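Taken together, the values in this text are just the output of simple stated rules run on the coordinates, not laboratory data. Only a predicted model underlies this, so the values are computations on that prediction, with no experimental measurement involved. Every residue, glycine among them, receives a Cβ derived from its backbone with ideal geometry; neighbour counts consider all protein chains shown.
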Amino acid sequence: MTNWNVILSIARTHLLTKMKSTVTASLGVTFGIGAYITLVSFMTGLNHMLDDLVLNQTPHIHMYNEIEPSAAQPVSLYEKFDGGLNKVHSIKPKQSQLKIHNALPILHYLKDQKSVKGATPQLRSQIFYLSGSIELGGNLVGVDIMEEVRLSNIQDNIVEGSPEALRNTENGILLGSGLAKKMSLNVGNRVQISTIKGTVFPLKIVGIYQSGIAEIDNVQSFANLKTVQRILGEPENYITDINIKLYDLAKAGPMARLLEKQFKIKATDINEANAQFETGSNIRNIITYAVSITLLIVAGFGIYNILSMLIYEKMKDIAILKATGFSGKDVQLIFMSQAMIIGVAGGVFGLIIGFFLSRIIDNIPFETEALPTISTFPVNYNPGYYVIGIVFALISTFIAGYLPSNKARKIDPVRIIRGT
Amino acid sequence: MATVLETKNINKHFKKPVNFHVLKDISFKVKDGEFASIMGKSGSGKSTLLYILSTMDTEYEGELFLNEELITGKPHKELSQIRSRHIGFVFQFHYLLSEFSVLENVMLPAKKLGSKTYEEIEHDAMEKLNMLNIGQLAKKRASRISGGEKQRVAIARALINNPDILMGDEPTGNLDSYNAENVFQIFKRLKEEEGLSLLVVTHDLDFAKRTDRIIEMEDGKILS
């Protein structure tokens, strides 16, 4: 029979009378867990931010017509040359349209798919921004702005004005922030644009778009799909790109392959487009975990040391406890409960300290041109990390306490008492 | 008269550093209410025998009976139970837990046994302390009292579960003559007033002479 009251009261007395070692051991755990929480919150916060920065700008599947040479040149179709060594010099890309054939039915089809969260049409066109006699080359993207807001983080990137303003203004444009700066334009001003064919159109600036990536902000602007179609003089089914957002990111690859076959069109999925990026975040995650596990193991060794010392000091007490009727298991439980008390107290304090450090980091100003929506360092308050933290604290203190306490269990009282 | 403790042909070898036959065919009995002492020179095996009798040492051949029940071969867990219920032990050194108060030290074995409520244990512990004239020390830390007082606390602790037999390994060995006499008087009173059986290992001939029976040991054998 285990008498927990007695065991815990002995454990408590030991801990309280050896306050210094208790505090040291607990602080070891506290700092280990605190550092782990801080580090993991901060690192994953950064990782998330970087992921969002790139990934949210990329649709899960992007469909467009690729300008490329035909895979099979006419000569290879001609039977008489079959088996011969045919060589074709200066192959040119296939004559084809930029627009997606049957774009509207494809869009309808996609929107009916269960796994698709949404599909948005886009019309990308090369244009010039006119500023006096200066022409700046760039793109104008025609979008269904409210669908974009629903499916991507475009709203975060509109630093002035609003998506609603674009929807409500037929001749509106969301001007790239780099362009706005170059041409000294602001919301409410007008900007003249010229198509490649030479037609000039005035558009009203209803917002400024800043993605954080300078190469985009210096060339790209957004307008309503219909406006761009009108500027280019194209009908309503003229669509060059379809962006698809899925419910499940993992399905992007297979679905892209399927769409390519089904519609004879180029479809790239998010993983293809961001392969190196994925590698980067994986490596950052590995580093985060390697550092945190090291911290926790160091904390574990601290506990192991202090408990070993404590047991060495208490050798006589252990012997006398055994002589007065405590079993080896009772003695082990006494030291195990000390370890676990240290683990729980240290772990909980560690979580609290980790949380406060995260709060502090969260409030450090971090302003950068590249990230318009971010004003302080990003921190991830995922409760999962706190659970991992406390669980690891308990496991490591359990192991660190188990080994010395097992030694205490095996101590032979006769040998200690007789001093041999 | 009932037998409290009985050994039959107990043999023990020390395996390290060389094989050494410490106890040779030890057979004797301690009767209920008897005050026996074991005497002998250093190395005669008397302490070794006592630790076997206390059930703490289990590496021996032969049979040990407590209250006419065979103890030999029982698992460690059961032995701790038997030890706390039936045997009180007083060592040469007091071995009190220095961080605990005197009262807590005395109460500990009873708390472990858990057959009484906290209040009963506290009451019993105070009673034992008062009986040994150290009731006024109850709240003091065990590390803050004198040597003679510590040994009396250790006796109170050995008595808390009302054992059948009290064993002592040179309980007066570390005490001055005044305190040694005091401890002897306590033992005698326990035997006379409470009918407790006592088995004490000692070097002190004066002490041994005044007990009911002297068991003399030499070279691992009982002489008389």
Within a Gaussian network of chain A (alpha carbon springs, distance under 10 Å), most fluctuating of A:Gln57, A:Gln122, A:Gln95: A:Gln95
Antiparallel DSSP beta bridges within the protein assembly as shown, percent to nearest 5: 65 percent
Between segment A:234-253 and segment B:92-144, the alpha-carbon center distance in angstrom: 82 Å
Cα shape, segment A:158-287, gyration tensor, a/c 1.5 rule: oblate
Residues A:Met19, B:Met39, A:Met43, sorted so that the one with the fewest Cβ neighbours within 10 Å comes first: A:Met19, A:Met43, B:Met39
Segment A:105-163: trypsin sites (Lys or Arg not before Pro) in DSSP loop, at most 10 other beta carbons within 10 Å: A:Lys114
Rounded to 5, the percent of DSSP beta bridges in segment A:129-285 classed as antiparallel: 60 percent
Table column - 3J(HN,Hα) (Hz), segment A:214-227, Karplus curve with 6.51, -1.76, 1.60, x for Gly and Pro: 4, 4, 7, 5, 7, 10, 9, 9, 10, 9, 5, 3, 5, 4
Pair A:Asn86, B:Met126: separation of 7 Å Cα→Cβ label points (nm): 11.2 nm
Segment A:96-102 - phi-based ³J(HN,Hα) in whole Hz, Karplus 6.51/-1.76/1.60, Gly and Pro as x: 8, 8, 6, 6, 7, 5, 6
Span per principal axis, largest first, for the Cα atoms of segment B:131-224 (Å): 46, 27, 20
Average Cα contact separation per residue, chain A, under 8 Å, 6 or more apart, as relative contact order %: 27 percent
The protein assembly as shown pair-distance distribution - Cα-Cα, 10 Å bins, rounded %: 3, 12, 15, 13, 9, 8, 7, 7, 8, 8, 6, 3, 1, 0
Chain A: most fluctuating residue of A:Ser21, A:Ser405, A:Ser184 per GNM, C-alpha cutoff 10 Å: A:Ser184
Cα gyration tensor shape for segment B:21-69, rounded if a/c is under 1.5, else prolate or oblate: oblate
Sorted by Cβ density within 10 Å, fewest first, the residues A:Val414, A:Val75: A:Val75, A:Val414
Modelled FRET efficiency - R0 56 Å, A:Val200 with A:Ile352, Cβ distances, 0.05 increments: 0.30
Residue-count net charge about A:Gln192 - beta-carbon cut-off 12 Å; Lys, Arg +1, Asp, Glu -1: +1
Largest to smallest principal axis extent of the C-alpha atoms in segment B:3-222, angstrom: 48, 38, 36
Sorted by Cβ density within 10 Å, fewest first, the residues A:Asp269, A:Asp144: A:Asp144, A:Asp269
Average beta carbon contacts from partner chains per residue of B:87-94, 10 Å cutoff: 3
Segment A:Asp52-A:Ser70, length gained on full extension (0.36 nm per residue, minus Cα span): 2.9 nm
DSSP-assigned coil residues among GluC sites (Glu not before Pro) in segment B:19-70, each with at most 10 further Cβ atoms within 10 Å: B:Glu68
Net +/- balance of residues flanking A:Ala180 in space, Cβ distance below 11 Å, scoring K and R +1, D and E -1: 0
Fraction of antiparallel bridges per DSSP, segment B:3-222 only, in percent to nearest 5: 50 percent
Computed [θ] at 222 nm, deg cm²/dmol, chain B (DSSP H ≥ 4; -39,500 (n - 2.57); rounded to nearest 500): -10000 deg cm²/dmol
Backbone N within segment B:70-103 under 11 Å of label point (7 Å from B:Ser115 Cα along the Cβ vector): B:82-87
Trypsin sites (Lys or Arg not before Pro) within segment A:252-284, DSSP loop, no more than 16 other Cβ atoms inside 10 Å: A:Lys264
Neighbouring partner chain Cβ atoms per residue of B:109-116, average, 10 Å criterion: 5
Using a Förster distance of 60 Å, the FRET efficiency for B:Gln136-A:Ile395 (Cβ separation, nearest 0.05): 0.80
Highest to lowest packing among B:13-25, A:305-317, scored as the average C-beta count within 10 Å: A:305-317, B:13-25
Full-extension gain in nm, A:Lys226 to A:Asn189, via 0.36 nm per residue minus C-alpha separation: 11.2 nm
